[in-house]
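Notes follow once the structure below has been shown.
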Amino acid sequence: MAAKNLMTPSATSLSGLFGNGIIYRVPTFQRDYSWKEDNWIALWEDIQIAITTETDHYMGAVVVQKNGEKNFLVIDGQQRLTTLSILALAVIQNILDLIAKGIEPQDNEMRITELRRSFLGQRDPASLHYSSKLFLNENNDAFYQSHLLQLRKPVNERILSISDKLMWQSFQFFYRNIRLDFGTTATGERFATFLSKIIGDRLMFIKIEVEDELSAYTLFETLNYRGVDLTVTDLLKNYLFSRLSPVDLNLAKESWKKISGSVGLDKFPTFLRHFWISRNDLVREEQMFKIIRNSIKSVENVFDLLNQLEAAVSFYVALQDPYSREWQGDRERRKRIREFKLFGVKQQLPMLLIAHEKFTEQEFDRLLRLLSVISFRYNVVGDRQANVMEDLYNKASKKIFSGEFITTIQVFEEIKSVYIRDVDFRSDFSTLIVYSYGRSKKLARYILYEIENHLAVTDRDFEDDPGTIEHILPENAYESWDAFFPLIIQPVYVYRLGNYTLLEDDKNRACGGQLFSRKKSIYQTSQYEMPKKILSIEWNPNNLDNRQNQMAAWATACWRVSYVNN
């Protein structure tokens, strides 16, 4: 029975949305107005389609929650509703321009009155200010009501907040485009027809009424609704704040601002999930609102959650930024964080988040090293399924949280099935291709420098050292190379790791496209150990394979942990 009450959908025009005295309020703490020129252009193109086809044009769904008689909270759709209200004001400003020129002043005043009543609100007989059918959030409503709705230009645009400035720019965008589209001969009747008949009647919406925030969330989850990440963030914030008294609210707002400002609203759902699964069972991101809502039963619960998130967020952000001040003076930790970023992995974040709380500094460093080695073997070289890793990491994280695990060796025993065995790692590495251009170039340099440091017992940094990647078989090989690598197979071998070596820039240029017989003497003069070990008489597919097998053995020694015997 409850499922039937999840939502009440109905098709309606923009005029229908704003008709019958209905008032919409954007929840106080929803995100600010954020549409930009690309969005305004897309909306204007939708309107042009409605004009040229003379048919209804679908504008998507608007999700609202009843909040009293003829009052609704806008759960999703505030950007469109706000922009269409601004567009209506731009139409009215064009009619006011006609009045200023003395064109049909009485008729045009009547048109403005009717258009405002239909789309924007009525004038208060005492103050003569216009009331509103739409109220925005706490950051945008003052400017919307006092400037846009009253068609009053801001005194100084430069001091406006970013979102208020966007609303004002939106008004200017539509005002200009309407003037250009209608030309200098436009009449008040044409402007009024454009707003009431085309925008008002032809732009169609699905209005979905939900019972509460949880119903809205369930709707988004069921329909895979667009914008779900930010919407879930807004729903959670609204729910948490709804549990608080006015006195507690300011404290909660400050805490929320610190958290969202640190991690960013777009990444907040991921942070929330990582925080949650660092100490609780594994859940999908789209389940988070429902789970946290069920766990929040009191004001104390709200502040417990906010305080824990605030305490964790700075370190969480640092775990993804090797240049964070958190790592100043700690070269080893910075190296590990940089490796995770280079590998493009995030499965380790929840475990590191809770281990930072529970482990000693020494054990945390050991865990960083273990997870980096696992990530390189499992994700980068092995290209295995990440969902298996996430499940195992979650089990270990919960045991760290509970205090059952206090050492890295205990963690390893829990997750050792994702530590790729040496024999399998060598096999995977022996055929590895890493392109030496674009985003992959950093990874190629990293691998080569780690092997070089192992061979020469040095500590060169792949980002700071001036060495270059030399392609033994050149990327653009001369015809003379065809005898060793037929042209048809050259693309298969040129980006194999076995075809790479580190070399000084001047020596690399000296090698150029020369044959291997001339290159190898240059290799022996290098300061790097890696090229000196290229001792083949000639360079062909077989010798390249052999060299990459040798590199796989070196890599196995580089990316391993001392307490693993396999």
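Would you mind finding the one in L367, L349, L342 that is touching a Ser or Thr at 6+ places or on another chain (Cβ under 6 Å) and aliphatic (A, V, I, L, M)?
Selected residue: L367, the only one of L367, L349, L342 that is touching a Ser or Thr at 6+ places or on another chain (Cβ under 6 Å) and aliphatic (A, V, I, L, M).
Taking the options A88, A142, A100, name whichever one is within 26 Å of R158 (Cβ to Cβ), at pLDDT 90 or above and more than 29 Å from the chain's Cα centre (by Cα).
A142
Name the residue that is nearest to the chain's Cα centre (by Cα), counting only residues in region 184-223 that are modelled with pLDDT under 85 and either under 14 Å from D97 (Cβ atoms) or assigned to a loop (DSSP other than H, G, I, E, B) (or both).
D212
Results for (1) part of a helix (DSSP H, G or I); (2) without any contact (Cβ under 8 Å) to a residue 12 or more places away in the chain; (3) not assigned by TED's automatic domain parsing to the domain that holds Y378; (4) not basic (K, R), shown as yes or no for each residue.
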{"residue": "A252", "(1), (2), (3), (4)": "yes, no, yes, yes"}
{"residue": "S255", "(1), (2), (3), (4)": "yes, no, yes, yes"}
{"residue": "N280", "(1), (2), (3), (4)": "no, no, yes, yes"}
{"residue": "F289", "(1), (2), (3), (4)": "yes, no, yes, yes"}
{"residue": "L305", "(1), (2), (3), (4)": "yes, no, yes, yes"}
{"residue": "E310", "(1), (2), (3), (4)": "yes, no, yes, yes"}
{"residue": "V313", "(1), (2), (3), (4)": "yes, no, yes, yes"}
{"residue": "L342", "(1), (2), (3), (4)": "yes, no, yes, yes"}
{"residue": "Q362", "(1), (2), (3), (4)": "yes, yes, no, yes"}
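State whether the residues of region 268-277 include one that is surrounded by 16 or more Cβ atoms within 10 Å (Cβ to Cβ), of a type in the set (S, T, N, Q) and under 16 Å from F364 (Cβ atoms).
no
State yes or no: is I86 assigned by TED's automatic domain parsing to the domain that holds S163 and surrounded by 21 or more Cβ atoms within 10 Å (Cβ to Cβ)?
yes
When you scan region 319-337, do you find a residue that is closer than 18 Å to R273 by Cβ and not charged (D, E, K, R), even just one?
yes
So S480 passes all but one of these: (1) outside any helix (DSSP H, G or I); (2) loosely packed, with under 15 Cβ neighbours inside 10 Å; (3) among the polar types (S, T, N, Q). Which condition number does it fail?
Result: S480 passes all but (1).
Quick one: would you say S436 is closer than 22 Å to W554 by Cβ and in a loop (DSSP other than H, G, I, E, B)?
yes
Anything in region 1-17 that is at pLDDT 90 or above and in contact with a helix residue (DSSP H, G or I) (Cβ under 6 Å, 6 or more places away or on another chain)? List them, or say none.
S13, L14, S15, listed by residue number.
Criterion first (free of Cβ contacts under 8 Å to residues at least 40 places away in the same chain and assigned to a loop (DSSP other than H, G, I, E, B)) does E414 satisfy it?
No, not satisfied.
Quick grid of which residues meet (1) in contact with a strand residue (DSSP E or B) (Cβ under 6 Å, 6 or more places away or on another chain); (2) surrounded by 16 or more Cβ atoms within 10 Å (Cβ to Cβ); (3) closer than 23 Å to V345 by Cβ; (4) not aliphatic (A, V, I, L, M):
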site	(1), (2), (3), (4)
R279	no, yes, yes, yes
E286	no, yes, yes, yes
I292	no, yes, no, no
V299	no, no, no, no
L305	no, yes, no, no
Q308	no, no, no, yes
V313	no, yes, yes, no
Q320	no, no, yes, yes
W327	no, yes, yes, yes
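Find the residue count for region 156-204, including only residues that are among the aromatic types (F, W, Y) and in contact with a helix residue (DSSP H, G or I) (Cβ under 6 Å, 6 or more places away or on another chain).
5
For region 31-58, what are the residues that are over 30 Å from S161 (Cα atoms), surrounded by 11 or more Cβ atoms within 10 Å (Cβ to Cβ) and among the charged types (D, E, K, R)?
D56
Select from region 278-326 the residues that are β-branched (V, I, T) and closer than 17 Å to H356 by Cβ and write down the one among them that is nearest to the chain's Cα centre (by Cα).
V317
Quick check on my filter: what residues within region 291-303 are part of a helix (DSSP H, G or I) and not aliphatic (A, V, I, L, M)?
R293, N294, S295, E300, N301, F303
Residue under question is A456, and the condition is that it be modelled with pLDDT of 95 or more, among the aliphatic types (A, V, I, L, M) and surrounded by fewer than 16 Cβ atoms within 10 Å (Cβ to Cβ); does it hold?
Taking the combined requirement at face value, the residue satisfies it.
Out of the residues in region 142-163 that are in contact (Cβ under 8 Å) with a residue 60 or more places away in the chain and surrounded by 16 or more Cβ atoms within 10 Å (Cβ to Cβ), state the one that is farthest from I86 (Cα to Cα).
Restricting to residues being in contact (Cβ under 8 Å) with a residue 60 or more places away in the chain and surrounded by 16 or more Cβ atoms within 10 Å (Cβ to Cβ), the top hit is S163.
Is region 104-119 home to any residue that is in the same structural domain as S163 (by TED's automatic domain parsing), aliphatic (A, V, I, L, M) and not in a helix (DSSP H, G or I)?
Within region 104-119, not a single residue is in the same structural domain as S163 (by TED's automatic domain parsing), aliphatic (A, V, I, L, M) and not in a helix (DSSP H, G or I).
Starting from region 491-506, keep only residues that are assigned to a helix (DSSP H, G or I), then list their pairs with residues that are basic (K, R) whose Cβ atoms are within a distance under 7 Å, requiring at least 6 positions of separation or different chains.
Pairs that qualify, where the first residue is assigned to a helix (DSSP H, G or I) and the partner is basic (K, R), are G498/R547.
Take region 461-513 and flag every residue that is within 20 Å of T525 (Cβ to Cβ) and under 35 Å from the mean Cα position of the chain (by Cα).
The answer is D465, P466, G467, T468, I469, Y500.
Tell me which residues, restricted to region 133-176, are closer than 23 Å to R25 by Cα and part of a loop (DSSP other than H, G, I, E, B).
Passing the criteria: K133, L136, N137, E138, N139, N140, L149, Q150, L151, R152, L160, S161.
Residues that are in a helix (DSSP H, G or I) and at negative phi: does region 462-473 have at least one?
no
The values are calculated or read from the model by the stated rules, or taken from the named source; none is laboratory data. Keep in mind it's a predicted model, so treat the numbers as computed, not measured. In this analysis, Cβ positions are derived from the backbone assuming ideal geometry, glycine residues included, and neighbour counts consider all displayed protein chains.
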